[in-house]
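K.L.:
Please find one structure pasted underneath; my questions will follow.
Only the coordinates and a few stated rules stand behind these numbers; no lab work does. Source: prediction; values computed, not measured. Every residue, glycine as well, gets a Cβ built from its backbone with ideal geometry; the counts of neighbours run over all protein chains shown.
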Amino acid sequence: MNKVAVLSAGSWGTTMAMVLADAGNAVTLHARRNEIADAINTRHENPAYLPGITLPANIRATTDPAEALDGARHVIVSIPAQSLRTNLAAWAPHLGPDAVIVSLMKGIETTTGLRMSQVITETTSIPAERVAVISGPNLAREIVARQPAASVIACPDETAAKALQAACLTPYFRPYTDTDVIGCELGGAVKNVIALAVGLATGLGLGDNATAVLITRGLAETARLGERLGADPLTFSGLSGIGDLQATCASPLSRNRTFGAHLGRGMTVTEATTATGQTAEGVKSSQAILDLAHRHDVEMPITDVVVDVINGQLTVQDAAARLLARAPRPER
């Protein structure tokens, strides 16, 4: 039986642990808090993040990362993007020599502008061929209810991607493989920022036309940055591009859309953080994405506006006006 470690026990990490357990793997879930590990082991529930959801019996939880990683063929990492480097430095000595590290994170490191797979390779010295990314329309609350979903597994090594595909294939979760890690990661990171913008528009009471504009033009600026960084343009028309963007921008289950809606209704960033409850990756990654765009001379007007709103340099009322004030131009 394939052994999998999932680090750690937030809503998305626990959901992927369920998918992997349903696919027949032996799953060890690393939780930071004893009470969460105990609840998973005794009641098969994660009351802190997924209350009321019964987890498979073949998920075992531990607070010891070394125990979780012992013998793991696949190591699934699902933690806030900005804490990845620090945690990996502590976990790296316990990684198996042939383990494949799998990122579920959708963010850009603020201090370096690196994608999560780059942080993994830099911190652990593991070759890129052993680092994979799972991205796509991944609303945890739907997947944990075993509603149909699909994702992309991106890895430079197709054999490694196919092995992971087999390890997480279930009747309700369909993974596809790809080699475009850059495109998959950028699609996942930038869509969070666009979802913040959609949330702002929703909170302001703007209609479906405004939402459609933000989604389509948001996809355009994501693709511009992706192409400049070497991604395949076709990636952005797939699950990790428009698929992820649509789900994150349209669903009230989306943390980033919810965070933006709180801002649109007049909350401060601090108040919106408290009200949202869980990490909205786009809030911290937005500046890093904009800096990356500036370094590569790519225009990202929606991202620019979101950054200024988060930094307090632009009111939400002025945000829509600034976007509409852009000079007319051809669509393509």
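K.L.:
Name the most mobile residue of PRO137, PRO175, PRO56, meaning the one with the largest mean-square fluctuation, in a Gaussian network model of the chain with Cα contacts below 10 Å.
P.N.:
Greatest mean-square fluctuation among the candidates belongs to PRO56.
K.L.:
Could you list SER83, SER240 so that the one with the fewest beta carbons within 10 Å of its beta carbon is first and the one with the most is last?
P.N.:
On the way: SER83 11, SER240 31.
Ranked by crowding around the Cβ, least crowded first: SER83, SER240.
K.L.:
Same structure again: Kindly put ARG130, ARG257 in sequence by how many other C-beta atoms sit within 10 Å of each C-beta, fewest to most.
P.N.:
Details: ARG130 21, ARG257 30.
Ordered from fewest to most neighbouring Cβ atoms within 10 Å, ARG130, ARG257 come out as ARG130, ARG257.
K.L.:
Any idea what the relative contact order of the chain is, in percent, if you count C-alpha pairs under 8 Å spaced at least 6 apart?
P.N.:
Details: 677 pairs, mean separation 47.6, N = 332.
Dividing the mean separation by the residue count of the chain yields 14 percent.
K.L.:
Under a crude label model (7 Å from the Cα following the beta-carbon direction), how far is TYR172 from ASN209 in nanometres?
P.N.:
Modelled inter-label distance: 3.9 nm.
K.L.:
Magnitude of the Cβ-charge dipole of the chain, K/R +1 and D/E -1, about the Cα centre, nearest 20 debye? Could you put the intermediate results ahead of the total?
P.N.:
Numbers: 27 positive and 31 negative charges, 97 e Å.
In total the dipole reaches around 460 debye.
K.L.:
Right, here's the next one. Provide the FRET efficiency to the nearest 0.05 for the ASP64-GLN246 pair, computing r from the beta carbons and using R0 = 51 Å. Could you put the intermediate results ahead of the total?
P.N.:
Details: r = 39 Å, r/R0 = 0.77.
It comes to 0.85.
K.L.:
If I stretch the segment between ASN41 and GLN147 completely, what's the gain in nm (0.36 nm per residue apart, minus their alpha carbon distance), one decimal?
P.N.:
On the way: separation 106, 0.36 × 106 = 38.16 nm, distance 2.43 nm.
In short, 35.7 nm is gained.
K.L.:
Treat each spin label as a single point 7 Å out from the Cα along the C-beta direction, and report the ALA321 to ALA128 distance in nm.
P.N.:
Simple spin-label model gives 4.5 nm for this pair.
K.L.:
Please report GLU185, GLU281, GLU299 as a ranked list, fewest other C-beta atoms within 10 angstrom at the top and most at the bottom. Present the calculation step by step, with values, prior to reporting the outcome.
P.N.:
On the way: GLU185 28, GLU281 25, GLU299 13.
Least crowded to most crowded, the residues run GLU299, GLU281, GLU185.
K.L.:
Compare ASP318, ASP304, ASP70 in a GNM of the chain, Cα atoms joined below 10 Å, and give the one with the largest fluctuation.
P.N.:
Looking only at ASP318, ASP304, ASP70, the biggest GNM fluctuation is shown by ASP318.
K.L.:
By how many degrees, between 0 and 90 and to the nearest 10, does the Cα long axis of helix 181-203 differ from the longest principal axis of the chain?
P.N.:
That helix lies at roughly 50 degrees to the long axis.
K.L.:
Give me the dipole magnitude in Debye, nearest 20, for the range 243-310 about the Cα centre, with unit charges on the beta carbon: positive for Lys and Arg, negative for Asp and Glu. Kindly include the intermediate steps, with their values, before the conclusion.
P.N.:
Details: 5 positive and 8 negative charges, 64 e Å.
Rounded to the nearest 20 debye, it is 300 debye.
K.L.:
While we're looking at this one, here's another question. How much length would be gained if the chain were fully extended between ASN34 and ALA90, taking 0.36 nm per residue of separation minus their Cα-Cα distance, in nm to one decimal? Don't skip to the end; give the middle numbers.
P.N.:
On the way: separation 56, 0.36 × 56 = 20.16 nm, distance 1.90 nm.
Going from the current span to full extension adds 18.3 nm.
K.L.:
Between helix 281-295 and the chain, what is the angle of the helix's C-alpha long axis to the longest principal axis, kept within 0 to 90° and rounded to the nearest 10?
P.N.:
Between helix and principal axis, roughly 60 degrees.
K.L.:
Further question: May I ask which residue of ILE302, ILE215, MET267 lies farthest towards the positive end of the charge dipole of the range 184-332, with charges of +1 (Lys, Arg) and -1 (Asp, Glu) on Cβ and the Cα centre as origin?
P.N.:
Towards the positive end, the residue furthest out is MET267.
K.L.:
Mind giving me the nanometre distance, one decimal, between the label points for HIS296 and THR270, set 7 Å out from Cα along Cα→Cβ?
P.N.:
3.6 nm
K.L.:
Please work out how much length the chain gains when fully extended from LEU229 to THR112, using 0.36 nm per residue of separation minus the C-alpha to C-alpha distance, in nm with one decimal.
P.N.:
Values: separation 117, 0.36 × 117 = 42.12 nm, distance 1.53 nm.
Length difference between fully extended and current span is 40.6 nm.
K.L.:
Any idea how far the Cα center of the range 257-285 sits from the one of the range 20-81, in Å?
P.N.:
The distance from the Cα centre of the range 257-285 to that of the range 20-81 comes to 27 Å.
K.L.:
GNM on the chain, C-alpha springs below 10 Å: top fluctuator among THR235, THR159, THR273?
P.N.:
THR159
K.L.:
Work out the length of the dipole vector of the range 182-324 about its Cα centre, built from +1 on the beta-carbon of each Lys and Arg and -1 on the beta-carbon of each Asp and Glu, and round it to the nearest 20 debye.
P.N.:
In total the dipole reaches around 240 debye.
K.L.:
Let me ask another. Only Cα pairs under 8 Å and at least 6 apart count here; give the relative contact order of the range 3-179 as a rounded whole percent. Kindly include the intermediate steps, with their values, before the conclusion.
P.N.:
Numbers: 372 pairs, mean separation 34.9, N = 177.
Relative contact order of the range 3-179: 20 percent.
K.L.:
What list of ³J(HN,Hα) couplings, whole Hz, do you get for the range 248-260 from phi and the Karplus terms 6.51, -1.76, 1.60, once you set θ to phi - 60° and write x for glycine and proline?
P.N.:
6, 7, 9, 8, x, 6, 6, 5, 5, 4, 4, 4, x
K.L.:
Per the Kirkwood treatment, what hydrodynamic radius in Å, one decimal, follows for the range 3-179 from the mean inverse distance over all distinct Cα pairs? The partial results should precede the final answer.
P.N.:
Working: mean 1/r = 0.0627 Å⁻¹.
That comes to 15.9 Å for the range 3-179.
K.L.:
Considering only THR276, ALA189, GLY238, whose Cα is most displaced toward the positive end of the charge dipole of the range 182-324, charges sitting on Cβ of Lys, Arg (+1) and Asp, Glu (-1)?
P.N.:
The residue sitting farthest along the positive end of the dipole is THR276.
K.L.:
For the range 182-324, compute Rg over Rh where Rg is the Cα radius of gyration and Rh is the Kirkwood radius from the inverse mean 1/r over Cα pairs. Intermediate values should be presented prior to the final figure.
P.N.:
Working: Rg = 13.7 Å, Rh = 14.6 Å.
The Rg/Rh ratio comes out at 0.94.
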